[in-house]
Amino acid sequence: KENVDSLDKMNKELQSFAYISSHDLQEPLRKIQIFSSAIAEKESQNLSDSGKDYFSRIQSAADRMQTLINDLLAYSRANVDAKKFENVDLNQIILDVKSDLKEEIETKKATIEVDEMCKANIIPFQMRQLLYNLISNSLKFSDSTKAPHIKIKSTFVTEDGKTQCHIQIQDNGIGFDQKYADKIFEL
């Protein structure tokens, strides 16, 4: 009972921290969005094509950050029972993640091979964050002697009368010692 109460208290503190942190991040982000939009609009004629491209990327990154902050706020407000599962096309989530990681993918000359993905009953922002972290780590921990290659596929698996979408992600990175798997995937 004491451990459950302690865990419940820690969860509430974590939700509160996530709410306060994400709420406080919105003001500086709004300023970044306002100032970058103003420069892009008012100084556009003074910018080179690459300068315009950089401002477009800044605005796109700020929009993605706004989405992440909104997701964090939603998560911090939601209790376990209130999390909303939706039937979502995983192809769209992967496209969004690839867009978020466009610069890293181009820099590393990475290829991401995606088989047709299934629709799944998920909490969209959690799945998006999971896929973002996995793909980002594949790029980050790639073998420096070859371009990263990431393969993502899904299959339907039926066990005990339940059909589930099984997602598999594979890369040609440096890997890790399996004895650290629990620690790596703990969070």
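Quick look at the values:
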read-out: With at most 13 other Cβ atoms within 10 Å, longest stretch of the chain clear of loop trypsin sites (Lys or Arg not before Pro) (DSSP); value: 2-82
read-out: Subset of 119/153; 31/102; 98/153; 102/153; 98/151; 84/119 violating a 18 Å alpha-carbon distance limit; value: 31/102; 102/153
read-out: Within straight-line cross-link reach of residue 9, aspartates and glutamates at Cα separation under 16 Å, skipping those fewer than 8 residues along the same chain; value: none
read-out: Cα-based Kirkwood hydrodynamic radius, region 4-51, one decimal, Å; value: 13.8
read-out: Spatial separation of Cα centroids for region 30-70 and region 137-169, in angstrom; value: 33
read-out: Relative contact order [Cα under 8 Å, 6+ residues apart], region 1-150, whole percent; value: 23
read-out: Probe 1.4 Å, accessible area per residue of the chain, Å²; value: 71
read-out: Overall form of region 75-187 per C-alpha gyration tensor (a/c, 1.5; a/b vs b/c); value: prolate
read-out: With every protein chain in place, the chain: carbon and sulfur % of accessible area (1.4 Å); value: 54
read-out: R0 of 25 Å, Cβ-Cβ distance residue 16-residue 102: FRET efficiency to nearest 0.05; value: 0.15
read-out: Ellipsoid equivalent to region 132-183 - semi-axes via the Cα gyration tensor, in Å; value: 27, 14, 9
read-out: Candidate aspartates and glutamates for bridging to residue 179, where Cα separation is under 20 Å - those fewer than 8 sequence places away on the same chain excluded; value: 171
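The values are calculated or read from the model by the stated rules, or taken from the named source; none is laboratory data. Please read all numbers here as calculations on a predicted model, not as lab measurements. No Cβ is skipped: glycine too gets one built from the backbone with ideal geometry, and neighbour counts run over all protein chains shown. For the accessible areas, the whole protein counts, side chains as well, though only heavy atoms, and no ligand, DNA or RNA atoms are used. Shrake-Rupley method; radii C 1.70, N 1.55, O 1.52, S 1.80 Å.
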